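The values are calculated or read from the model by the stated rules, or taken from the named source; none is laboratory data. All of these numbers come straight from a predicted model, not from anything done at the bench. No Cβ is skipped: glycine too gets one built from the backbone with ideal geometry, and neighbour counts run over all protein chains shown.
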Amino acid sequence: MNTKIWLTGGFDLHVRPAAQLSRLMQGFDAKVELSETVDGPWVCATRQAALVKLKLRSACPVYIRASGRDKNAAMSAIVGCLEGVDCQQ
């Protein structure tokens, strides 16, 4: 499952939001990865340091892919978080 969204939560993905996102993704039986481009490099959404290194900025595109048993729920949760809806599970 793949999608492209815009980081519209009004924040850059720095240390605190990356930690929150990483904790959120650890609750799913799914492999979720993010990238700045469709060609990668892709980073695991459960790895806070890797998320920070992406240097994703507000109003920028984010490519997301998910696989595994909970891929639909994980994708919904990460999209909601990155769009500023909710980063709580």
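Pick from Arg23, Arg65, Arg47: which is touching a helix residue (DSSP H, G or I) at 6+ places or on another chain (Cβ under 7 Å), surrounded by 14 or more Cβ atoms within 10 Å (Cβ to Cβ) and more than 16 Å from Asp12 (Cβ to Cβ)? Unique residue meeting the criteria: Arg47.
Applying the selection to region 11-64, what residues are out of contact with any Pro (no Cβ under 9 Å at 6 or more places or on another chain) and charged (D, E, K, R)? Correct list: Asp12, Arg16, Arg23, Asp29, Lys31, Glu33, Asp39, Arg47, Lys53, Lys55, Arg57. Entry remark, region 61-84: residues being in contact with a strand residue (DSSP E or B) (Cβ under 7 Å, 6 or more places away or on another chain) and not aromatic (Phe, Trp, Tyr) number 13 in total. Here region 26-44 is the region considered, the condition is being touching a Ser or Thr at 6+ places or on another chain (Cβ under 8 Å) and under 16 Å from Asp70 (Cα atoms), and the residue that is surrounded by the fewest Cβ atoms within 10 Å (Cβ to Cβ) is Gln26. Give Ala74, Ala49 a once-over and let me know the one that is of a type outside the set (Asp, Glu) and within 16 Å of Ile5 (Cβ to Cβ). It is Ala74. Of all residues in region 3-25, those that are closer than 16 Å to Ala49 by Cβ and basic (Lys, Arg) have Cβ atoms under 9 Å from Cβ atoms of residues that are outside any helix (DSSP H, G or I) and at pLDDT below 90, 6 or more apart or on another chain, in Arg23/Cys87; Arg23/Gln89.
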